[in-house]
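Where a number appears in this text, it was derived from the coordinates with a stated rule and is not lab data. Computed from a predicted model, the values in this text were never measured in an experiment. With ideal geometry, Cβ positions are generated from the backbone for all residues, glycine too; neighbour counts draw on all protein chains shown.
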Amino acid sequence: MARADSTESTVRRDLAAAYRLAARLGWTDTIYTHLSASVPGAPGVYLLNRFGLRFDEVTASNLVKVDAHGQVVDGSGARVNPSGFAIHGAVHAARPDAACVMHLHTRWGVALSMRPEGLLMASQGAMRFFGRLGQHAYEGLAFGPEEQARLVQRLGQLDGLILHNHGTLLVGRTVAEAFMLSYLLERAAMHQLTAQAAGGALRVVDDEVAARTFCQWVGDGSVLDGDDEWPALVRGLQTTDPHYLD
């Protein structure tokens, strides 16, 4: 769920910033894929990008309110992509704690989704996901109710999924957390795939070390991924691309 001090305006600004930062990092697929966030104080209502906009055109004010089925509920008449929201709607409905859902088709994330071994505990960043990343088999373009049920079952209480032959899905209790988890997974995938391309076996740590590293990373849970990094990222965005606040 959103933090107690969250308001719709702050979530709008953070989500718009996440879209702009994703565009800057090259995490886009023309007008496809979505980052969504729950509207504080409005159960079952979510913020989503207007269909047809590039990520670098998203602003705080042009985000659209939709219900769990991807239907526009803010009276704007804006065009959204209900089929593209199928994953998000199912995850938000099943996980009220998932204040933000990021589904991406990134270079390294999609490449990792094609590898049968998935994410290996071969880099420090990968160990943040020890025991926290599930798998969902590819079933085609459409996400009907039956597949949505399978997807949310495989997600359970994890931080995300590798969607086979498709991409990645990460959830967060804040926009900042979902963004940083997406960043960490993309980097871990890049490091693993680069090392694999060099040939030979990888040095993979055992489960005991990976588990200890994960516990050191998350600590007592009072500081979320993104709490420290997000203000710095937003400061940079406000300097170079302040129009996301419009």
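Observations on the structure shown:
- Value of D in µm² per second that Stokes-Einstein yields for the chain, Kirkwood Rh from Cα pairs, at 25 °C (0.890 mPa s): 134 µm²/s
- Integer Hz, Karplus 6.51/-1.76/1.60 couplings in order for the stretch 205-215, x for Gly and Pro: 7, 7, 4, 4, 5, 4, 5, 5, 5, 4, 5
- Spatial separation of Cα centroids for the stretch 153-205 and the stretch 29-97, in angstrom: 23 Å
- Enclosing the Cα atoms of the stretch 136-246 in their convex hull gives a volume equal to 184 cubic angstrom per residue.
- Environment charge at GLY70 (Cβ cut-off 15 Å; Lys +1, Arg +1, Asp -1, Glu -1): +1
- Amide N proximity, the stretch 103-131 versus ALA198 label position 7 Å along Cα-to-Cβ, cut-off under 18 Å: 120-127
- Computed from backbone phi, the HN-Hα couplings of the stretch 178-195 come to 4, 5, 5, 5, 4, 5, 5, 5, 4, 5, 4, 5, 4, 5, 5, 5, 5, 5 Hz, rounded to whole numbers (Karplus: 6.51 cos²θ - 1.76 cosθ + 1.60, θ = phi - 60°; Gly and Pro given as x).
- Trypsin sites (Lys or Arg not before Pro) restricted to DSSP loop in the stretch 198-243 with at most 16 other C-beta within 10 Å: ARG203
- Share of alpha-carbon pairs per 5 Å distance bin for the stretch 124-196, given as whole %: 3, 16, 24, 25, 17, 11, 4, 1
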